[in-house]
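The values are calculated or read from the model by the stated rules, or taken from the named source; none is laboratory data. Remember, it's a predicted structure, so these values are computed and weren't measured experimentally. FYI the Cβ positions are ideal-geometry reconstructions off the backbone, even for glycines, and counts take in every protein chain you see. Ligands, DNA and RNA are excluded from the accessible area calculation, which covers all protein heavy atoms including side chains. Shrake-Rupley method; radii C 1.70, N 1.55, O 1.52, S 1.80 Å.
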Amino acid sequence: CASSVSACSKLNKTLRQHYLNLPQGGKCQVTYIWIDGSGEGLRNKTRTLDEEPKSIADIPEWNFDGSSTDQSKGSDSDMYLVPVQMFRDPFILDPNKLVLCEVLKYNREPAETNRRISCNKVMEATKEHCVWFGMEQEYCLLSMDRYPYRWPKGGFPRPQGPYYCAVGADCVYGRDIVECHYKACLYAGIKICGTNAEVMPGQWEFQVGPCEGIDVADHLWVARFILHRVCEDFGLLATMDPKPIEGNWNGSGCHTNVSTKQMREEGGLKYIEQAIEKLSHRHQEHISVYDPRGGEDNKRRLTGLHETANIKDFSHGVANRGASIRIPRQVGQDGRGYFEDRRPAANCDPYSVAEAIVRTCLLEGEDGE
């Protein structure tokens, strides 16, 4: 209903289009995007460049007030924004850009929630393995009252069953947002590879990958930003809370698919099994970095129910969606391919997840530097 969306989304968008169509005089708008002090939130601000940047090297560093993003004290609040990945801007179109940035403190040390630098060191140390990732981002659409979009107020929809990969107005809530997000990601240059309605009504998933190394996390963070911006235009919210509704409803994860060059080649199943064995010895360490609160968020989701393994136990199996690690059935048949880590929460930092997996599987017994 109209009251469930933000007032701003009801403004005259036809009038807005008049201004967006005005020529820019050769100038370029660049929107800098960064992760704030929560480790989950995204911030952004825009500046003008005299011409369209051809590469990330053409985009200058910038700064912001870290005391307003929970990243510094007011007495020494300037933080550096260091551009690392550039994308086309799907909201105000070419030649304008979205730019993902790392955050550095006043002394140019990484900010506490800048986990990209550490992740990138590990990826560089293991680049001969050509590690590919695919990440499955689940999320739930909410009305402005933070209740799931189109759920009856004060009540619940029909039980889970008819919603997964569904079609029809009685089963699908918010497809407009999903389709706009998909197209916007493709325009931007995000390596988005699919989307589907999920098990809980109003819950969706999109997938990023396959990407090699650090790219999967860069692309996923910008895909999240684009999702929030699309939702803003429609007047709704997207939550990546791992258990947005308590009770007999599925939670939201960020299943992470991983393969090395050896795993993808003939006889690769042996290397997959070796990686799983190493992961089994580091279960709690991984749980501690698979959500922003040391596993506390995932406790609500990883219960052993609703297609999850219990947070306390490590398990694996072929085609088993109730396991910590799933080997897809086709991989078991082919004897090569990839494995899926089903433990990361929807609100995980993909840099932390990718780093932890590569450290455990490829750098065990080394310092990773």
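Tell me whether the range 217-226 contains one or more residues that are closer than 15 Å to Cys140 by Cα, open to solvent by 20 Å² or more (accessible area, probe 1.4 Å) and either among the aliphatic types (A, V, I, L, M) or in contact (Cβ under 8 Å) with a residue 60 or more places away in the chain (or both). No, because not a single residue in the range 217-226 is closer than 15 Å to Cys140 by Cα, open to solvent by 20 Å² or more (accessible area, probe 1.4 Å) and either among the aliphatic types (A, V, I, L, M) or in contact (Cβ under 8 Å) with a residue 60 or more places away in the chain (or both). Taking the range 172-206 on its own, how many of its residues are in contact with a Ser or Thr (Cβ under 7 Å, 6 or more places away or on another chain), open to solvent by 20 Å² or more (accessible area, probe 1.4 Å) and farther than 20 Å from Ile92 by Cβ? So the answer is 0. So how many residues does the range 304-322 have that are under 21 Å from Asn248 (Cβ atoms) and of a type in the set (A, V, I, L, M)? Residues that pass the stated criteria total 3. Thr113 fulfils the conditions (1) assigned to a loop (DSSP other than H, G, I, E, B); (2) more than 23 Å from Arg229 (Cα to Cα) except for a single criterion, (2). Summed over the range 124-145, residues that are hydrophobic (A, V, I, L, M, F, W, C) and surrounded by fewer than 21 Cβ atoms within 10 Å (Cβ to Cβ) total 4. Look at (1) without any contact (Cβ under 8 Å) to a residue 40 or more places away in the chain; (2) in contact with a helix residue (DSSP H, G or I) (Cβ under 9 Å, 6 or more places away or on another chain); (3) within 20 Å of Ile117 (Cβ to Cβ) and you find that Gly66 fails only one, number (1). In the range 22-31, the qualifying residues are those that are out of contact with any Pro (no Cβ under 8 Å at 6 or more places or on another chain) and surrounded by 10 or more Cβ atoms within 10 Å (Cβ to Cβ), and the one that is nearest to Met144 (Cα to Cα) is Thr31. Every listed requirement among (1) out of contact with any helix residue (DSSP H, G or I) (no Cβ under 6 Å at 6 or more places or on another chain); (2) modelled with pLDDT of 95 or more is met by Ser143 save one, (1). For the range 284-299, indicate whether the set of residues that are in a loop (DSSP other than H, G, I, E, B), of a type in the set (S, T, N, Q) and buried (at least 16 other Cβ atoms within 10 Å of the Cβ) is non-empty. No, the range 284-299 contains no residue that is in a loop (DSSP other than H, G, I, E, B), of a type in the set (S, T, N, Q) and buried (at least 16 other Cβ atoms within 10 Å of the Cβ).
In the range 237-262, the residues that are closer than 15 Å to Glu136 by Cβ reach residues that are at pLDDT below 95 and in a loop (DSSP other than H, G, I, E, B) with C-beta atoms within less than 6 angstrom, at least six apart or across chains, in these pairs: Asn250/His306. Scanning the range 265-278 for residues that are over 15 Å from Glu340 (Cα atoms), of a type in the set (D, E, K, R) and either in contact (Cβ under 8 Å) with a residue 24 or more places away in the chain or touching a Ser or Thr at 6+ places or on another chain (Cβ under 7 Å) (or both) gives Glu265, Glu266. Inspect the range 34-55 for any residue being more than 28 Å from the chain's Cα centre (by Cα), loosely packed, with under 13 Cβ neighbours inside 10 Å and modelled with pLDDT of 95 or more and give the result as yes or no. Within the range 34-55 (the criterion being more than 28 Å from the chain's Cα centre (by Cα), loosely packed, with under 13 Cβ neighbours inside 10 Å and modelled with pLDDT of 95 or more), the answer is yes, since at least one residue qualifies.
Among the candidates Ser72, Ser38, the residue that is within 21 Å of Leu227 (Cβ to Cβ) and of a type in the set (S, T, N, Q) is uniquely Ser38.
Yes or no: the range 14-21 includes at least one residue that is in a loop (DSSP other than H, G, I, E, B), loosely packed, with under 10 Cβ neighbours inside 10 Å and touching a Gly at 6+ places or on another chain (Cβ under 8 Å). No - not one qualifying residue is present in the range 14-21. Does the range 304-334 hold any residues that are among the basic types (Lys, Arg), closer than 20 Å to Glu265 by Cα and in contact (Cβ under 8 Å) with a residue 12 or more places away in the chain, and which are they? Result: Arg326, single match. In the range 279-293, the residues that are touching a residue at least 12 places away in the same chain (Cβ under 8 Å) form Cβ pairs under 6 Å with partners that are of a type in the set (Lys, Arg) and part of a loop (DSSP other than H, G, I, E, B), at six or more places apart or across chains, as follows: Tyr290/Arg343.
Across the range 306-345, the number of residues qualifying as part of a strand (DSSP E or B) and more than 23 Å from Lys261 (Cβ to Cβ) comes to 3.
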